[in-house]
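Just so it is clear, none of the values below were taken in a lab; they were calculated from the coordinates. Predicted model, so just to flag it, every value in this text is computed and none were measured. Please note: Cβ atoms are built from the backbone with ideal geometry, for glycine as well, and neighbour counts cover all protein chains shown.
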Amino acid sequence: MEAIQEKNDELLGLSLALAGPSDHAERKHKRRIDISNPLIPSGKGSEGKIIRLLQERQNMLNIKQRGKGIVQGGKGLHLIHLLLVSATLINENNISSAIDNLIELYQYVSESGDSGQRVAAYFADGLTARILTQSSPFYRLIMSKSAPAEEFAAFTHLYRVSPFYQFAHFTANQAIVEAFEREEKNNNWALHVIDFDILHGFQWPSLIQSLSEQATCSNRLLSLQITGLGRCLEELIETEARLVSFSKSFQNIKFEFHGVLRGSKLRNLSRRDNETVVVNLVFHLSTLRDILRISDTLTSIHALNPSIVVLVEREGSQNRCGFFSGYVDALHYYAAMFDSLDDCLPLESPERLSIEKNHLGKEIKEAIACEKDERNDLKFAMLETWKEKMESHGFSGMKLSSRATIQAKLLLKMGSHYHTHLEEDCGGGGFRVCEREGGMAISLGWQDRFLATASVWQSV
């Protein structure tokens, strides 16, 4: 696409106890700690350990307020060691030793330290929450949600300063524009985008602008319909208002938005004759987590017979399953994301603290703490995994155009990224763009780690 836009904690006097599993359902949750029921036999010392753990967490949160530094030694390999040992012990149900490691870990981390100490702080929170029952007030405290306005601000800040979401959206939009161009002789100048996770709708203003340029060159009126699946009604209403308001600046675009709640069946879609239909899957399939839900979604998409399906997902480094391997992948991934922010914002920046607390930190805690069928967790799957799933559901890959790669590199060049490298290979530091699979996919990377990968698919 030629045009790119500018881009408290208080400790309650509650009894603490380990849940004593007595049946299959309870055994599934045996690693969790029940704060509300005094089931621990006296003399075990578990109550004191939990209180100590929560006190250390509170001390960590108070570091900035007290103006004191963290314990020396909270660097690199030592933090990784404590994070890996803690997760291993939890995975082995050795809760007592895991608590000891987390107590030590909290002494070395800070949400206002360097990037490594910050990411470790959120992983420590996720692990602490994981060994607590969800009914515990402490679990709810650690996992408390930010206000919607704070989450929106954090997303906006990250979108503005980092190429992460921009890479995903602009690469997807380039593929959508090219699909429309291929069919413009027969599609009655009508484009219908079905976005399976509309979120705040940030992807679509740049598409509207690019399509308007197409319409201007051809002196035509172009019809654009977006069917957006959202997480709640309020989000859909706000997104519709934002996009409708933006589209009014483009007289040669007839714009319509139809909001649908996520999870709803896409029945009776309003479709124009011969319109180009595109399905947008940007960071959506991995949120489904369950393999069966992913399969059902891809089956329903295939039934829509779209011209193309645009798939963008976070990139993993392994295809193994289970809590620990997924944890290790998440640790590598978010360490790279936090480190990449050094290229975008100073450590003390309020915008950076907002991004880390209300967006990335929230994702970390949810990924580590929340109950799920871990065998089906695909949040950080490899490109090969998504390729296999798409092909098994009747889709074949399409080669991305050179314009997509050129645009992605230009996006990095336009950003204020101090160490940006644009090599085609996998070496170098900073942000980089790599063509993969002979041009069938394109990835955004940070140093030696792929962060997100885009690919385009068509029905066989």
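Please list the non-local residues whose amide H lies under 5 Å from the amide H of T227, H modeled 1.01 Å from N, same-chain partners needing a gap of 5 or more.
Close amide H contacts, sequence-distant or interchain: V193, I194, D195, H258.
Quick one: go through the stretch 326-370 and flag any residue whose amide nitrogen is under 15 Å from the point 7 Å out along the Cα-to-Cβ line of Q134.
Residues passing the 15 Å test: 366-370.
Which of the peptides 393-405, 100-112 is most tightly packed, and how do the rest follow, judged by the mean count of other Cβ atoms within 10 Å per residue?
On the way: 393-405: 17.2, 100-112: 21.5.
Packing proxy ranking, top to bottom: 100-112, 393-405.
What residues have an amide H closer than 5 Å to that of R272, excluding those fewer than 5 places away on the same chain, when H is modeled at 1.01 Å from N in the peptide plane?
Here nothing satisfies the definition.
Work out how much length I51 to M414 would gain on full extension: take 0.36 nm times their residue separation and subtract the Cα-Cα distance, in nm to one decimal.
Numbers: separation 363, 0.36 × 363 = 130.68 nm, distance 4.95 nm.
Length gained between I51 and M414: 125.7 nm.
From the phi angles alone, apply the Karplus equation (6.51, -1.76, 1.60; θ = phi - 60°) to the stretch 350-366 and give each ³J(HN,Hα) in whole Hz, x where the residue is Gly or Pro.
Coupling constants for the stretch 350-366: x, 5, 5, 4, 5, 4, 5, 6, 9, 10, 5, x, 4, 4, 4, 4, 5 Hz.
Using a Förster radius of 35 Å, what is the FRET efficiency between N268 and E437 based on their Cβ-Cβ separation? Nearest 0.05, please. Don't jump to the answer; show the numbers that get you there.
Details: r = 37 Å, r/R0 = 1.06.
Step by step, r from the Cβ atoms, then E = 0.40.
How far is it, in nm, from the label point at E348 to the one at E181 when both lie 7 Å from their Cα along the line to the Cβ?
The answer from the label model is 4.7 nm.
5 Å is the cut-off here: which amide hydrogens, built 1.01 Å from N in the peptide plane, fall below it relative to L132, excluding neighbours closer than 5 in sequence?
I33
Where nothing but the Cβ of Lys and Arg (+1) and of Asp and Glu (-1) is charged, how large is the charge dipole of the stretch 145-218 around its Cα centre, in debye to the nearest 20? Please list the in-between numbers first.
Numbers: 4 positive and 9 negative charges, 22 e Å.
That gives a dipole near 100 debye.
Figure the gain on full extension for L221 and T287 (residue separation times 0.36 nm, minus the Cα-Cα span) and round it to one decimal in nm.
On the way: separation 66, 0.36 × 66 = 23.76 nm, distance 3.64 nm.
So the extension gain works out to 20.1 nm.
Measure off 7 Å from each Cα along the Cα-to-Cβ vector at S245 and N93, then give the distance between these two points in nanometres to one decimal.
Taking the two extended label points, one gets 5.4 nm.
Ranked highest first by the average count of other Cβ atoms within 10 Å around their residues, in what order do 85-91, 139-145 fall?
On the way: 85-91: 20.9, 139-145: 15.7.
Going by the mean number of other Cβ atoms within 10 Å, highest first, we get 85-91, 139-145.
Go ahead and run the numbers for FRET between S146 and S295, Cβ-Cβ distance against an R0 of 22 Å, rounding to 0.05. Display every interim value, and only then the final one.
Numbers: r = 33 Å, r/R0 = 1.48.
FRET efficiency, S146 to S295: 0.10.
Applying the Karplus parametrisation 6.51 cos²θ - 1.76 cosθ + 1.60 with θ = phi - 60° to the phi angles of the stretch 80-96, what ³J(HN,Hα) value in whole Hz is obtained for each residue in order, glycine and proline being reported as x?
Karplus values, whole Hz, x for Gly and Pro: 4, 4, 5, 5, 6, 5, 4, 5, 4, 5, 5, 4, 8, 6, 8, 5, 4.
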